[in-house]
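The values are calculated or read from the model by the stated rules, or taken from the named source; none is laboratory data. No experiment lies behind these values; they were computed from the predicted model shown. Using ideal geometry, Cβ is built from the backbone for each residue, glycine included, and neighbour counts are taken over all protein chains shown.
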Ligand code: NAI
């Protein structure tokens with residue numbers, strides 16, 4: 001029988017499993033002959049032995065695959081790390097070279113993230129989160145719920161890749177004016193690029209859609225917020241450390257920034273995705289931001305749609321199948337490429 005026609009049966013240890021992961025991974029896994037063994041624990045040096053007897057591990061953003069974990073996986077005979085996300089900053093790619101293959105899901109649904117950004121903006125601008133709580137308590141007063149029209153307002157979009165461009169399309173549908181800034185502007189753009197300073201000084205709403213790099217770390221800091229219009233709103237669905245949280249809190253306290261929609265937070269890794277109710281919050285900045293009436297925080301949820309989960313499972317399963325069938329995979333993250 002030709003190698004490509006063989007039935008594939010593999011076992012993958014699935015770390016940091018959440019109930020919403022299982023339906024799509026089971027459906028696509030069953031079709032491809034891949035059995036996912038689900039563990040609630042995150043992958044780290046203490047949990048790595050759970051992968052014993054498996055062909056690979058499937059991990060997410062807060063699992064740890066450092067040199068020590070990679071060596072332990074290698075000793076267990078694990079062949080691959082299948083990331084079910086785009087980012088790979090939690091994997092020591094260079095150390096994995098020659099020991100394990102690492103592959104990822106480069107894109108799933110830009111609509112999920114862009115639509116969540118707009119959902120947060122509409123919620124905060126029209127106070128629907130407050131209205132929902134009021135009417136459940138039979139409080140039908142409108143006092144304090146005055147919003148503003150998005151139509152005619154200027155939105156400044158930083159990062160015009162897959163998500164930024166979908167967000168721009170949605171905003172134009174609302175009749176908003178769009179300004180954009182990107183370090184690598186798109187050649188086929190049908191919107192206006194400007195420099196970062198002009199964008200910050202001119203926009204009523206600034207939305208971040210760039211990756212976290214050395215260049216973009218704290219792209220909105222005290223100086224950045226200082227340049228923004230008084231009363232302007234900021235949206236961050238990208239990575240927490242794009243914003244200096246302390247500077248944002250000060251800008252909110254001084255009434256300079258009118259509102260903030262945050263799906264990500266720079267110290268989120270031990271907090272987000274988990275039920276922390278009943279715990280004492282150690283992070284004073286986060287606690288203060290959460291209590292601000294004009295700050296809306298969601299827990300890194302922008303990706304969480306049925307469509308995105310399905311696309312993530314489909315690509316992960318296809319990566320695993322391709323790798324075990326052909327010995328390589330188009331979505332592999334290679335150490336050689338990183339050093340170019
Ligand atoms: P992409 O790679 O398609 O686009 C990123 C854009 O940022 C590119 O146009 C790039 O040229 C631009 N860029 C790079 N460096 C820049 C700089 N220094 N200044 C300004 N622009 C710069 O990425 P995509 O798919 O649009 O994702 C954007 C971000 O969204 C990701 O980096 C990720 O952090 C975040 N994300 C968040 C999710 C969530 O659930 N909250 C889910 C998925 C992605």
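Any residue at all in segment 139-147 that is closer than 22 Å to residue 207 by Cα and in contact with a strand residue (DSSP E or B) (Cβ under 6 Å, 6 or more places away or on another chain)?
No, segment 139-147 contains no residue that is closer than 22 Å to residue 207 by Cα and in contact with a strand residue (DSSP E or B) (Cβ under 6 Å, 6 or more places away or on another chain).
Does residue 21 qualify as being modelled with pLDDT under 95, touching a strand residue (DSSP E or B) at 6+ places or on another chain (Cβ under 9 Å) and over 21 Å from residue 328 (Cβ atoms)?
When the stated conditions are applied, residue 21 does not pass them.
Could you look through segment 188-198, keep only residues that are part of a loop (DSSP other than H, G, I, E, B) and under 22 Å from residue 170 (Cβ atoms), and pick out the one that is farthest from the ligand (Cβ to nearest atom)?
190
Among the residues of segment 145-184, how many are within 16 Å of the ligand (Cβ to nearest atom), closer than 20 Å to residue 224 by Cβ and not in a loop (DSSP other than H, G, I, E, B)?
Counting residues in segment 145-184 that are within 16 Å of the ligand (Cβ to nearest atom), closer than 20 Å to residue 224 by Cβ and not in a loop (DSSP other than H, G, I, E, B) gives 10.
Under 8 Å by Cβ, and 6 or more places apart or on different chains, what pairs join a residue from segment 296-309 that is within 16 Å of residue 262 (Cβ to Cβ) with one that is near the ligand (Cβ under 7 Å from one of its atoms) and not in a helix (DSSP H, G or I)?
Every condition considered, the pairs that remain are 297/263; 298/263; 299/263; 300/263; 300/264; 301/263; 302/237; 302/263.
Cβ-Cβ below 6 Å, separation at least six or inter-chain, first residue in segment 146-175 and in contact (Cβ under 8 Å) with a residue 60 or more places away in the chain, second in a helix (DSSP H, G or I) and away from the ligand (no atom under 16 Å from the Cβ): which pairs?
Partner pairs satisfying both residue conditions: none exist.
Conditions tested, residue by residue: (1) closer than 30 Å to residue 329 by Cα; (2) under 17 Å from the mean Cα position of the chain (by Cα); (3) modelled with pLDDT of 95 or more.
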{"site": "227", "(1), (2), (3)": "no, no, yes"}
{"site": "250", "(1), (2), (3)": "no, no, yes"}
{"site": "255", "(1), (2), (3)": "no, no, yes"}
{"site": "271", "(1), (2), (3)": "no, yes, no"}
{"site": "288", "(1), (2), (3)": "no, no, yes"}
{"site": "293", "(1), (2), (3)": "no, no, yes"}
{"site": "297", "(1), (2), (3)": "no, yes, yes"}
{"site": "305", "(1), (2), (3)": "yes, yes, yes"}
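If the requirement is being under 24 Å from the mean Cα position of the chain (by Cα), over 25 Å from residue 269 (Cβ atoms), modelled with pLDDT of 95 or more and more than 16 Å from the ligand (Cβ to nearest atom), which of these qualifies: 32, 27?
Sole residue among the options that is under 24 Å from the mean Cα position of the chain (by Cα), over 25 Å from residue 269 (Cβ atoms), modelled with pLDDT of 95 or more and more than 16 Å from the ligand (Cβ to nearest atom): 27.
Do you know which of the residues in segment 199-243 that are more than 14 Å from the ligand (Cβ to nearest atom) and in a helix (DSSP H, G or I) is surrounded by the most Cβ atoms within 10 Å (Cβ to Cβ)?
Restricting to residues being more than 14 Å from the ligand (Cβ to nearest atom) and in a helix (DSSP H, G or I), the top hit is 225.
Looking at (1) surrounded by fewer than 20 Cβ atoms within 10 Å (Cβ to Cβ); (2) within 12 Å of the ligand (Cβ to nearest atom), which is the one condition that is false for residue 262?
Failed condition: (1).
For segment 102-139, give me each residue that is more than 11 Å from the ligand (Cβ to nearest atom) and part of a loop (DSSP other than H, G, I, E, B).
Within segment 102-139, 104, 127, 137, 138, 139 meet the criteria.
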